[in-house]
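Enquirer: The structure's right below; bear with me while I get my questions together.
Nothing in this text is a laboratory measurement; each read-out follows from the coordinates by a stated rule. Note that the coordinates shown come from a computational prediction; the quantities given were computed from them, not determined experimentally. Note that we place each Cβ from the backbone using ideal geometry, even for glycine, and neighbour counts take in every protein chain shown.
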Amino acid sequence: MNELQLELKNQLEKYRLQKIEPYMEHDDENEHFRMDIFQELGSLGFCGMTLPEEFGGMGLNYQDFSVALTEIAKSSVAYAVTISVSAMVQAILNEFGSNQQKENFLPSLTSGHEIGAFCLSESAAGSDAASLQMTAKKVDGGYILNGSKIWITSGGIAKTYIVMARTGGEGAKGVSAFILRDGTPGFTYGKKEKKMGWKVSPTRELLFHNCFVAEENLLLSEGEGFKVAMAALDKGRFTIGAIAVGCAERALDEAISYSLTRRQFNQAIFDFQGLQFMMADMATEIECSRLLVMQAAKDYDRKSPNAKLACMAKLKATDTAMKVTADAVQILGGVGYTSEYPVERFMRDAKVLQIVEGTNQIQRVVIARNLKKEYTKH
Ligand code: CAA
C-alpha cells in the first residue's frame with residue numbers, strides 16, 4: 001500500500017468506526033439505508049474517487065478505490081456496494097457518454113449527492129444477459145420503453161439509472177443503453193426484495209410502461225448497450241472482489257480477537273492448533289484475494305483491462321469471503337450465530353457477493369473462454 005492509500009485507509013477507518021459501525025446492527029435489522037452516511041462519504045470524496053476532477057471526481061485510480069472499498073466493507077458491505085455500483089454508472093458515463101451527458105449527469109453522482117444504479121437483469125434474463133426482453137421502440141425524438149428490470153441495487157433511492165433495453169433483434173447486438181432519471185413518467189418501482197443479507201442496501205424491481213426517453217439519453221448508438229454493460233462489469237467485478245476482501249478481513253478480525261480472549265480447557269481457544277490452522281488458512285486466502293484484486297485494478301489503471309483477471313479476482317475474493325465468514329461463525333461458536341457479534345451479518349452479506357455482477361459460475365465461463373482464446377490463438 002502506498003502512502004496515499006494508507007492515508008485513505010486510515011481516514012476511512014476512523015470514519016466507519018465513528019459514523020457507520022454504531023448504526024449497523026439496528027439498520028440491518030430495520031433494513032434502513034442512511035442517505036446522510038452516503039452523502040457524507042461523498043463530501044469526503046469517496047463517491048467519485050476514480051472520476052476526473054473536472055467532473056467532481058478525485059482523479060484517483062482503481063487501486064486506490066479498491067483500498068477504500070475494502071475499508072468501508074469492514075463496517076458495511078452495503079454502503080461499499082452502493083458506492084461501487086454508483087461508481088460503475090459514473091464510469092459508464094465517463095467512458096461512453098457525450099460531453100453533454102457527462103455534464104448533465106456526472107457531478108451529482110461524483111459528489112455523492114445522488115446515487116446511480118445499473119439495470120441489466122430481468123426476471124428471465126439473469127446470467128444470460130443478452131436475452132433481455134425489455135423494449136425500446138424508436139419514436140420521434142426518442143424511445144418508448146416497456147418492460148421491467150429486477151434485482152436492481154439502489155432501486156428507489158438512486159436518481160440516475162443506466163438501463164439496457166432492446167432496440168434491435170435478438171442477442172447482444174440488439175441491446176442499447178439509456179440514461180433514465182427517477183421520476184420520469186412511465187418509470188415506477190415494483191417490489192422491494194426481502195433478502196438474506198445486504199439488508200441496508202435496497203434491491204428493487206423497476207417497471208417501465210410507455211416510458212418516453214429522449215434521444216439524447218441514448219448512450220453511444222443503438223446496438224452498443226451490451227458492450228457498455230460488459231465493459232462496466234469488467235471494473236465492477238474486481239471492485240466487488242475488493243468489497244469481499246473487506247468483508248472477509250472483518251470476519252477474521254472478529255475470529256482472532258474472540259479466540260484470544262475466549263478460554264476453554266484452561267487456555268485461550270486461539271491456542272488450539274485446529275483453530276490456528278483455520279485462521280492461518282483464512283489469512284492466507286484473504287491475502288491471495290487482495291493480491292488478485294489489486295492486480296486486476298492495476299491492469300485497469302494501466303489501460304490494459306483484463307476481463308479474465310477481473311473475473312478471477314471476483315471469483316477468488318467472494319468465494320473466500322463466504323468461506324472465511326462461515327469459518328468465523330464456527331470459531332465464535334454459539335455467540336457467532338447470534339447478532340451479539342457481527343460475524344453472522346458478514347456471513348449473510350458474503351453470500352450474495354458470489355451471485356451479483358455475474359454468478360461465480362459465469363466468472364468461470366468468462367475465464368474458460370479467455371483460456372480457450374489464448375490457447376487457440378495461433
Ligand atoms: N467488454 C466489451 N465487450 C464485450 C465484453 C467485454 N468485457 N464481453 C463481451 N463483449 C462483447 C463481445 O465481444 C460480443 O460482441 P461482438 O459479437 O461484436 O464480438 C458481445 O459483447 C457478446 O458477447 P458474448 O458472445 O460473449 O455474449 P454472451 O451472450 O455469450 O454472454 C456473458 C456473455 C459473459 C455470459 C454475459 O452474458 C454475462 O456477463 N452474464 C452475466 C450477467 C451479469 O453479470 N449480470 C450482472 C447484473 S448487474 C449486478 O449484479 C450489479 C448489482 O446491482 C450489484
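Enquirer: Residue by residue, what Karplus-based ³J(HN,Hα) values in Hz, rounded to whole numbers, does the range 282-295 have, using 6.51, -1.76 and 1.60 with θ = phi - 60° and x for Gly and Pro?
Expert: 4, 5, 5, 5, 5, 5, 4, 5, 4, 5, 5, 4, 5, 5
Enquirer: Going down the list 102/195; 303/377; 173/303; 149/298, which pairs span over 28 Å between their C-alpha atoms?
Expert: Too far apart for the 28 Å limit: 102/195; 149/298.
Enquirer: In the chain, what percentage of the DSSP-assigned beta bridges are antiparallel, given to the nearest 5? If you can, show how the numbers build up before the last one.
Expert: On the way: 30 of 35 bridges.
Roughly 85 percent of the beta bridges in the chain run antiparallel, per DSSP.
Enquirer: Can you give the local net charge around residue 248? Use residues other than it whose beta-carbon is closer than 15 angstrom to its beta-carbon, Lys and Arg +1, Asp and Glu -1. Intermediate values should be presented prior to the final figure.
Expert: Values: positive: 74, 250, 290, 314, 316, 323, 345, 348, 351; negative: 71, 249, 253, 254, 281, 285, 287, 319, 327, 344, 349.
Cβ neighbours under 15 Å give a net charge of -2.
Enquirer: Using +1 on the beta carbon of Lys and Arg, -1 on that of Asp and Glu, and nothing else charged, what's the dipole of the range 203-252 about the Cα centre, debye to 20? Provide the component values of the computation, followed by the final result.
Expert: Details: 5 positive and 7 negative charges, 75 e Å.
I would put it at about 360 debye.
Enquirer: Below 14 angstrom from the Cβ of residue 4, what's the summed charge of the other residues (Lys, Arg +1; Asp, Glu -1)?
Expert: Surrounding charge for residue 4 is -4.
Enquirer: Counting other Cβ atoms within 10 Å, which chymotrypsin sites (Phe, Trp or Tyr not before Pro) in the range 228-269 have at most 13 and lie in a DSSP loop?
Expert: Details: sites: 238, 258, 265; in loops: 265.
Those satisfying the criteria are 265.
Enquirer: Just to check I understand the Karplus step: with θ = phi - 60° and J = 6.51 cos²θ - 1.76 cosθ + 1.60, what whole-Hz values come out for the range 328-337, glycine and proline as x?
Expert: 5, 4, 4, 5, 6, x, x, 5, x, 8
Enquirer: Can you give the helix-only mean residue ellipticity at 222 nm for the chain, where every DSSP H stretch with n ≥ 4 adds -39500 (n - 2.57) and the sum goes over all residues, rounded to the nearest 500 deg cm²/dmol?
Expert: Values: 11 runs with 195 residues, N = 378.
Dividing the helical sum by the residues of the chain leaves -17500 deg cm²/dmol.
Enquirer: How about the range 171-274: which trypsin sites (Lys or Arg not before Pro) there are in a DSSP loop, with at most 10 other Cβ atoms within 10 Å of their Cβ?
Expert: Values: sites: 173, 181, 191, 192, 194, 195, 199, 204, 227, 235, 237, 250, 262, 263; in loops: 194, 195, 199, 262.
In loop regions of the range 171-274 (DSSP not H, G, I, E or B), the sparsely surrounded trypsin sites (Lys or Arg not before Pro) are 194.
Enquirer: First obtain the Kirkwood hydrodynamic radius of the range 153-210 from its Cα pairs, then insert it into the Stokes-Einstein equation at 25 °C and 0.890 mPa s, and state the resulting D in µm² per second as a whole number.
Expert: 191
Enquirer: Determine the sum of side-chain charges near residue 343: Lys and Arg each +1, Asp and Glu each -1, restricted to other residues whose C-beta is under 11 angstrom from that of residue 343.
Expert: -3
Enquirer: Continuing with this model, one more query. Only Cα pairs within less than 10 Å get springs; with that Gaussian network setup on the chain, which residue of 274, 241, 126 has the largest fluctuation?
Expert: Most flexible of the set in this elastic network: 274.
Enquirer: Starting from the range 161-228, pick out the GluC sites (Glu not before Pro) whose DSSP state is loop and whose Cβ has at most 11 other Cβ atoms within 10 Å.
Expert: 170
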